[in-house]
Amino acid sequence: MSCRFNFPWLLAPRRVSGLTLGLLAVLTIAAPNIDKIQQLAQSRYGAKATQMVQAWNEMMQAAQSMNEQDKVKRVNEFFNRKIQFGEDQATWGENDYWATPLEFMGRGVGDCEDFAITKYFALRSLNVPNDRLRITYVKARIGGPRSDVTQAHMVLGYYEDPAGEPLILDNLITELRPASRRSDLMPVFSFNSEGLWTGSGAAEKKDASGSTAKLSRWRDLIARMQSDGFE
């Protein structure tokens, strides 16, 4: 497992201070236009992708009547089981590409940020409140509990209590586990469409000022999602 991000400050949390999503707060979470998404899946990726989108739509329809915790579990399991992990370079010919949900499902392969971002938007479409979801950059320890080797990784945190401990949605481990049971993950910062947080626990701080340039990929992602039928 390896996820590459073009953020030179990823492993230096103190340098994250001052970064914000800023104008991202005004971007609405897109609702899916299923007919358009299916047509684009067929034209861009073929029949297999159309079947994948249909399975996703059926999952989303079934999840509408579930309680919130079951929605989280269902969405996490669906993408972990249906989509394969793959590096951006092999999939997109780029070192760091943020795929839209349609691109992710159409190719049937993605890396850790693609899993986390698509799960985030799926849960928002299922009316899980924004303050209960955060996409989180972490340093993931590899090689066992005594190892000091880490690599960049991305997960989605679900906070049943926005001020409490999150459950971690991870493409590597389908079981939902509380953050306290993921000692292999060391959070660097987290974000959603309303803001960015640095630190963890009592030291956590919501950042509300600064430049949006560093997360321009997010704004580009939203624009491409709208073209894909998430209108």
Selection count where residues are in contact with a helix residue (DSSP H, G or I) (Cβ under 8 Å, 6 or more places away or on another chain), more than 16 Å from residue 54 (Cα to Cα), of a type outside the set (Asp, Glu) and free of Cβ contacts under 8 Å to residues at least 60 places away in the same chain, scope segment 111-127: 3
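Name the residue that is farthest from residue 122 (Cα to Cα), counting only residues in segment 156-193 that are of a type in the set (A, V, I, L, M, F, W, C) and under 14 Å from the mean Cα position of the chain (by Cα). Give the steps one after another, and end with the answer.
Residues of segment 156-193 of a type in the set (A, V, I, L, M, F, W, C): 156, 163, 167-169, 172-173, 176, 179, 185-186, 188-189, 191.
Remaining after also requiring under 14 Å from the mean Cα position of the chain (by Cα): 156, 167-169, 172, 189, 191.
Details: 156: 12, 167: 16, 168: 15, 169: 13, 172: 18, 189: 21, 191: 16 Å.
So, considering only residues that are of a type in the set (A, V, I, L, M, F, W, C) and under 14 Å from the mean Cα position of the chain (by Cα), the one farthest from residue 122 (Cα to Cα) is 189.
Looking at residue 73, is it in contact (Cβ under 8 Å) with a residue 24 or more places away in the chain and within 24 Å of residue 50 (Cβ to Cβ)?
No: the conditions fail for residue 73.
If I filter segment 104-111 for residues that are farther than 20 Å from residue 225 by Cα and over 15 Å from the mean Cα position of the chain (by Cα), do I get at least one hit? Quick ask: steps written out before the conclusion?
We begin by selecting, within segment 104-111, every residue farther than 20 Å from residue 225 by Cα; these are none.
Looking for residues that are farther than 20 Å from residue 225 by Cα and over 15 Å from the mean Cα position of the chain (by Cα), one finds none in segment 104-111, hence no.
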Within segment 161-193, considering residues that are touching a helix residue (DSSP H, G or I) at 6+ places or on another chain (Cβ under 7 Å) and of a type in the set (S, T, N, Q), the one modelled with the highest pLDDT: 171
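Is at least one residue of segment 135-154 part of a loop (DSSP other than H, G, I, E, B), in contact (Cβ under 8 Å) with a residue 24 or more places away in the chain and touching a Lys or Arg at 6+ places or on another chain (Cβ under 8 Å)? Quick ask: steps written out before the conclusion?
Restricting attention to segment 135-154, the residues satisfying the condition of being part of a loop (DSSP other than H, G, I, E, B) are 143-148.
Next, only the ones that are in contact (Cβ under 8 Å) with a residue 24 or more places away in the chain stay: 145.
Next, from what is left, pick out any that are touching a Lys or Arg at 6+ places or on another chain (Cβ under 8 Å): none.
Within segment 135-154, not a single residue is part of a loop (DSSP other than H, G, I, E, B), in contact (Cβ under 8 Å) with a residue 24 or more places away in the chain and touching a Lys or Arg at 6+ places or on another chain (Cβ under 8 Å).
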Residue check for residue 170: out of contact with any strand residue (DSSP E or B) (no Cβ under 8 Å at 6 or more places or on another chain) and more than 18 Å from residue 49 (Cβ to Cβ): no
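Consider residue 138 carefully, then state whether it is crowded, with 24+ Cβ neighbours inside 10 Å and β-branched (Val, Ile, Thr).
Numbers: crowded, with 24+ Cβ neighbours inside 10 Å: yes; β-branched (Val, Ile, Thr): yes.
In short, yes.
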Selected residue (only one of 85, 78 is closer than 23 Å to residue 63 by Cα, touching a helix residue (DSSP H, G or I) at 6+ places or on another chain (Cβ under 8 Å) and among the aromatic types (Phe, Trp, Tyr)): 78
Qualifying positions in segment 141-170 - surrounded by 14 or more Cβ atoms within 10 Å (Cβ to Cβ) and acidic (Asp, Glu): 165, 170
Of all residues in segment 194-229 being surrounded by 15 or more Cβ atoms within 10 Å (Cβ to Cβ), among the aliphatic types (A, V, I, L, M) and more than 15 Å from residue 134 (Cβ to Cβ), the one that is modelled with the highest pLDDT: 225
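Going through segment 165-192 one residue at a time, which ones are of a type in the set (S, T, N, Q) and in a strand (DSSP E or B)? Before the answer, list the steps.
In the first step, residues of segment 165-192 are kept if they are of a type in the set (S, T, N, Q); the result is 171, 174, 180, 183, 190, 192.
190, 192 - these are the residues of segment 165-192 that are of a type in the set (S, T, N, Q) and in a strand (DSSP E or B).
The values are calculated or read from the model by the stated rules, or taken from the named source; none is laboratory data. Treat the numbers as computed from the prediction; the structure is a model and nothing was measured. Cβ atoms come from the backbone with ideal geometry, glycine included; neighbour counts cover every protein chain shown.
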